[in-house]
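Report on one structure; see the data block that follows.
The values are calculated or read from the model by the stated rules, or taken from the named source; none is laboratory data. The shown structure was predicted, so the numbers you read here are calculated from the model rather than taken from an experiment. Heads up, the Cβs are rebuilt from the backbone with ideal geometry, glycines too, and the neighbour counts pull from every protein chain shown.
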Amino acid sequence: MPRTITATAPCRVDLAGGTLDIWPLYLFHPGALTVNFAVNLLARCSVRSLGGRQVVLRSIDTGREERFPSLDALRRARRYRHPLAAYLLRHFTPRSGILLETHSESPAGAGISGSSALLVAACAALARSTGHRIARQQMRVLVQNVEAQIIGVPTGCQDYYPALYGGISAIALGVNGIARRAIRLPAAELDARFLLAYTGAPRKSGINNWKVFQEHINGNRQVFRNFEHIARLARHMRDALAAADWESVGRLMREEWQYRKRNAPRISTAKIDDLVAVALRQGARGAKVCGAGGGGCVVFLIEPDARKRVARALAGSGARLLPARVARRGLRVTES
């Protein structure tokens with residue numbers, strides 16, 4: 001009976017330093033880093049040999065499926081219904097036909113790197129099924145480049161590290177390379193102090209990040225200064241988390257969000273502003289949009305005794321609370 005390779009990878013919530021992880025922006029801000037943590041909303045990919053030459057790509061959560069008579073036919077195609085799987089599969093050579101199925105627990109356009117986590121899971125499953133040995137850092141480079149091909153604009157590196165490693169991370173960005181370092185904070189402490197809410201509106205990460213990227217590269221001094229502040233706040237965020245200084249974490253989230261909103265008019269929306277205001281009135285310490293903004297998810301820092309009060313207020317304002325906790329582990333690959 002054909003074996004099935006299954007890989008899972010967690011999504012992420014970014015707390016500070018986002019967008020700076022797009023090359024070469026971080027090169028202009030010495031000491032730049034991004035702070036994020038993995039959440040137990042998983043992306044999953046399974047690969048099974050079919051025999052013959054047929055390639056079947058299936059997305060369970062979106063209901064999309066497409067079939068190709070061979071891998072060569074897939075490579076010749078110009079458009080795909082499941083581009084994430086198709087683009088990645090072009091880099092591997094299965095010995096026979098395969099069925100590749102994906103599923104994401106992240107809502108569409110949530111801004112918590114569902115597509116990046118899915119790329120990591122798919123890459124790992126394909127590598128195992130085809131006998132390729134690929135180190136995690138090599139995998140990060142491959143899937144980041146493939147995602148750029150799919151969305152047609154530069155991509156950052158931060159999303160892949162939570163998917164690969166799990167936990168709470170500071171991703172240092174410098175001229176000598178990129179390095180992920182774990183922040184030694186018990187995950188349970190962060191679990192007790194954050195809420196993740198989906199606004200119901202998908203975000204357009206490529207659009208927002210590309211606009212900000214262009215403004216920075218074109219010499220917009222205000223955008224440059226905003227990122228100087230964002231880089232500084234990210235360093236303080238790393239230190240505040242390591243010290244479990246929750247008052248500072250909340251203040252830094254609020255400050256980072258203010259500077260981020262100044263970079264582009266569509267990063268925030270009336271819905272996001274309303275949810276943040278409602279949560280702060282009910283005792284939240286800080287809030288910021290996840291990812292590039294314009295919709296998607298908002299993360300809130302709360303005191304443990306305010307969780308129910310803030311959650312009720314957010315739900316009453318139309319937000320969907322996601323059952324997220326810190327994912328202690330990153331990528332996992334199994335065979336059955």
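When the test is whether a residue is closer than 13 Å to residue 15 by Cα and among the β-branched types (Val, Ile, Thr), residue 223 does not pass it.
Return the residues of the range 12-28 that are among the aliphatic types (A, V, I, L, M), in contact with a helix residue (DSSP H, G or I) (Cβ under 9 Å, 6 or more places away or on another chain) and part of a helix (DSSP H, G or I); say none if nothing qualifies. Please lay out each step first, then the result.
Filtering the range 12-28 for residues among the aliphatic types (A, V, I, L, M) gives 13, 15-16, 20, 22, 25, 27.
Remaining after also requiring in contact with a helix residue (DSSP H, G or I) (Cβ under 9 Å, 6 or more places away or on another chain): 13, 15-16, 20, 22, 25.
Residue satisfying the conditions is 25 alone.
Are any of the residues in the range 273-282 in contact with a strand residue (DSSP E or B) (Cβ under 6 Å, 6 or more places away or on another chain), surrounded by 18 or more Cβ atoms within 10 Å (Cβ to Cβ) and not in a helix (DSSP H, G or I)? No.
Yes/no per residue for (1) surrounded by 20 or more Cβ atoms within 10 Å (Cβ to Cβ); (2) of a type in the set (Lys, Arg); (3) assigned to a loop (DSSP other than H, G, I, E, B):
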site	(1), (2), (3)
53	no, yes, yes
88	yes, no, no
110	yes, no, yes
116	yes, no, no
122	yes, no, no
145	no, no, no
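Of the candidates 292, 264, the single residue that is in contact (Cβ under 8 Å) with a residue 60 or more places away in the chain, out of contact with any Cys (no Cβ under 6 Å at 6 or more places or on another chain) and within 22 Å of residue 218 (Cα to Cα) is 292.
What are the residues in the range 147-163 that are in contact (Cβ under 8 Å) with a residue 12 or more places away in the chain and either assigned to a helix (DSSP H, G or I) or over 15 Å from the mean Cα position of the chain (by Cα) (or both), if any? Give the derivation first.
Let us first name the residues in the range 147-163 that are in contact (Cβ under 8 Å) with a residue 12 or more places away in the chain, namely 147, 149-163.
Within the range 147-163, 147, 149, 150, 151, 152, 153, 160, 161, 162, 163 qualify.
Screening the candidates 174, 200 for the property of being in contact (Cβ under 8 Å) with a residue 24 or more places away in the chain, surrounded by fewer than 23 Cβ atoms within 10 Å (Cβ to Cβ) and at positive phi yields one hit, 200.
For the range 31-51, the condition holds for no residue, the condition being that it is assigned to a strand (DSSP E or B), more than 23 Å from the chain's Cα centre (by Cα) and among the β-branched types (Val, Ile, Thr).
All told, residue 60 meets the bar of being over 21 Å from residue 13 (Cβ atoms) and of a type in the set (A, V, I, L, M).
Residues in the range 90-108 that are part of a loop (DSSP other than H, G, I, E, B) and closer than 29 Å to residue 290 by Cα: 105, 106, 107, 108. Can you tell me which residue within the range 283-320, out of those that are over 24 Å from residue 247 (Cβ atoms) and among the hydrophobic types (A, V, I, L, M, F, W, C), is surrounded by the most Cβ atoms within 10 Å (Cβ to Cβ)? The selected residue is 292. Could you please tell me which pairs satisfy a Cβ distance under 8 Å, a separation of 6+ or placement on different chains, a first residue in the range 102-129 that is more than 18 Å from residue 140 (Cβ to Cβ) and free of Cβ contacts under 8 Å to residues at least 60 places away in the same chain, and a second residue that is among the basic types (Lys, Arg) and surrounded by fewer than 24 Cβ atoms within 10 Å (Cβ to Cβ)? What qualifies is 102/44; 102/58. Among the residues making up the range 55-75, a single one is assigned to a loop (DSSP other than H, G, I, E, B), in contact (Cβ under 8 Å) with a residue 24 or more places away in the chain and over 23 Å from the mean Cα position of the chain (by Cα): 70. Considering the range 234-272, and only residues there that are among the hydroxyl-bearing types (Ser, Thr, Tyr) and in contact with a Gly (Cβ under 8 Å, 6 or more places away or on another chain), the residue that is surrounded by the most Cβ atoms within 10 Å (Cβ to Cβ) turns out to be 268.
If we keep just the residues of the range 146-197 that are in contact with a Pro (Cβ under 8 Å, 6 or more places away or on another chain) and in the same structural domain as residue 232 (by TED's automatic domain parsing), which is nearest to residue 277 (Cα to Cα)? Full working, then the answer.
We begin by selecting, within the range 146-197, every residue in contact with a Pro (Cβ under 8 Å, 6 or more places away or on another chain); these are 148, 150, 162-163, 166, 169, 174, 192-193.
From what is left, the residues that are in the same structural domain as residue 232 (by TED's automatic domain parsing) are 192-193.
Numbers: 192: 21, 193: 18 Å.
Taking the candidates together, the pick is 193.
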